[in-house]
Amino acid sequence: MEPQRMRIVILGLSITSSWGNGHATTFRGLVRELVRRGHDVLFLERDVPWYASNRDMPRPPWGRTELYADLADLRARFTDDVRDADLVIVGSYVPQGVEVGRWVQATARGIPAFYDIDTPVTLAKLSRGDFEYLSPDLIPGYRLYLSFTGGPTLRKIERELGSPAARPLYCSVDPELYEPRNCVAKWDLGYLGTYSADRQPTLERLMLEAAREWDAGRFVVAGPQYPEEVRWPANVRRVEHLPPPEHAGFYCAQLFTLNVTRADMVLAGYSPSVRLFEAAACGVPIISDVWNGLESVFVPGEEILLARTEKDTLGYLRDMTEADRRALGAKARARVLAEHTAAHRALAVEEYAREASRGAASGTPLDRVIVKR
């Protein structure tokens, strides 16, 4: 059945620049798929200098993208669009997000929604009274709270913060960009990620200690901002910067790839990273740290491998047969293509909007809402 066409306005951190943020790629995939499904989408982005000088997609080819200078400019030029839209989505980290949210809730005749791409960070900020882009009084006024984190966190947002409907809208992958390639295997294990102090102990334990124990192993870490005091084993190659177009080739040159999760995401659980979906879409077997809810995304032992120590890592690298390795990667890819593409997220947005327009809960478990094509 063809979807009922919606007019959708999204106010997000950025869609034109992926510099220093993970929001742009998420919005690009979502907007593209919403437009493909026949919806009229307007994306509004605050024109700020750090993105203006680093725009890798200044004119997204899907829907309409407009830049605004400040709140006055936003109100002057786009009040009619927001008022007449069926769905208005305000994203996390939007500049002056509290003021933007109040204006949207006062103006929109359709469904006002909040899209939290940083849920554990947002909740931590709220708990300490930091209302940078969301304040507690706004949450009940957003008829949908779309969250990168699922599981018990959704119930907390509803019961403790007053959201009428908190729903998971995880990150996703573009299968047109991430797919298996015939690459020469350069590394036994690789890792892609910007330095983070809370991730570094896990990276040390699961990769660097394994590299020190296995001199013949080939390892690689790609990503910026690692401090000079990090002691890299001789068999670990460092890549300071890897542009997004090179990510798929990087994954495909690894026999296994490592996933390490931020501490706040581990604490919240049910927070799969885009790196998980990207690597899996490339058919590369993933060795991951352990956190609650991972089993709702991939089946441990069949679609993903879990490691707690360097010995776990080395066991997979040295003992797994090539046939088992390839089978695991293929199963993970099949799972992603079935449940975790941007097209699935667009379908979920449609379903959540229908649910909100009816004013009734769907009855689907909040930690396991998967929309299939």
In whole Hz, the Karplus estimates of ³J(HN,Hα) for region 236-248 (6.51, -1.76, 1.60; θ = phi - 60°; x where Gly or Pro) are 10, 8, 9, 10, 5, 9, 10, x, x, x, 9, 4, 4
Report the extension gain between ASP40 and TYR195 in nm, rounded to one decimal, defined as 0.36 nm multiplied by the number of residues separating them, less their alpha carbon distance.
52.0 nm
Name the residues whose placed amide hydrogens come within less than 5 Å of the amide hydrogen of VAL90, ignoring near sequence neighbours (fewer than 5 apart) on the same chain.
LEU11, ALA113, PHE114, TYR115
Which percent of the accessible heavy-atom area of the chain goes to carbon and sulfur, probe 1.4 angstrom?
50
What is the gain in length, in nm to one decimal, between GLN225 and VAL299 on full extension, counting 0.36 nm per residue of separation less the C-alpha to C-alpha distance?
23.4 nm
How far apart, in nanometres, would the label points at GLU66 and ALA330 be if each is projected 7 angstrom from Cα along the Cα-to-Cβ direction?
5.0
In terms of the Cα gyration tensor, with a ≥ b ≥ c the square roots of its eigenvalues, is region 46-110 rounded because a/c is under 1.5, prolate because a/b exceeds b/c, or oblate?
prolate
Counting other Cβ atoms within 10 Å, which trypsin sites (Lys or Arg not before Pro) in region 227-330 have at most 16 and lie in a DSSP loop?
ARG231, ARG308
Where Rh denotes the Kirkwood radius from the mean inverse Cα pair distance, what is Rg over Rh for region 258-312?
0.92
Any cysteines in the chain with zero other Cys Cβ atoms under 4.7 Å from their Cβ? List them, or say none.
CYS171, CYS282
Determine the gain in length on full extension of the stretch GLN96-ASN235; use 0.36 nm per residue of separation and subtract their C-alpha separation, reporting nm with one decimal.
45.4 nm
Cβ-derived FRET efficiency at R0 22 Å, ALA263 paired with MET320, nearest 0.05
0.15
Relative contact order for the chain, counting Cα pairs under 8 Å that sit 6 or more residues apart, in percent:
15
Please work out the Cα convex hull volume for region 214-373 and give it in Å³ per residue.
145
Given Cβ charges of +1 for Lys and Arg and -1 for Asp and Glu, the option among ASN182, VAL94, TRP19 whose Cα lies farthest towards the positive end of the dipole of the chain is ASN182
Tabulate in residue order the Karplus-calculated ³J(HN,Hα) for region 135-143, using 6.51 cos²θ - 1.76 cosθ + 1.60 with θ = phi - 60°, rounded to whole Hz; enter x for Gly and Pro.
10, x, 5, 7, 4, x, x, 8, 6
Going by accessible area, probe 1.4 Å, with all protein chains left in place, what is the ranking of SER288, SER357, largest first?
SER357, SER288
At a 1.4 Å probe radius, which order do ASP70, ASP80, ASP319 fall into by accessible area, largest first?
ASP319, ASP80, ASP70
Residues of region 81-210: accessible area per residue with a 1.4 Å probe, Å²
37
Distant alpha-carbon pairs in region 154-242 (separation over 17 angstrom), percent
64
In nm, give the distance between the simple-model label positions of GLU160 and PHE131, each being 7 Å from the Cα along the Cα-to-Cβ direction.
1.8
For region 191-296, the percent of all C-alpha pairs falling in each 10 Å bin, from 0 up to the bin holding the max distance, is 14, 48, 34, 4
Under 5 Å, built H, 5+ apart or other chain: amide partners of TYR68
GLU45, ARG46, ASP47
Normalise the Debye intensity by I(0) for region 61-197, one equal point scatterer per Cα, no solvent, then take log10 at q = 0.11, 0.17, 0.18 Å⁻¹ and round to two decimals.
-0.52, -0.99, -1.06
Net charge dipole size for the chain [Lys, Arg +1 and Asp, Glu -1 on Cβ; Debye, nearest 20]
620
Can you give the percent of C-alpha pairs in region 130-184 whose distance is more than 15 Å?
59
How many Å² of accessible area per residue for region 247-297, probe 1.4 Å?
25
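The values are calculated or read from the model by the stated rules, or taken from the named source; none is laboratory data. Note that the structure is predicted; figures quoted are calculated from it, not measured. In this analysis, Cβ positions are derived from the backbone assuming ideal geometry, glycine residues included, and neighbour counts consider all displayed protein chains. Accessible surface is based on the protein model in full, side chains and every heavy atom, while ligands, DNA and RNA are left aside. Shrake-Rupley method; radii C 1.70, N 1.55, O 1.52, S 1.80 Å.
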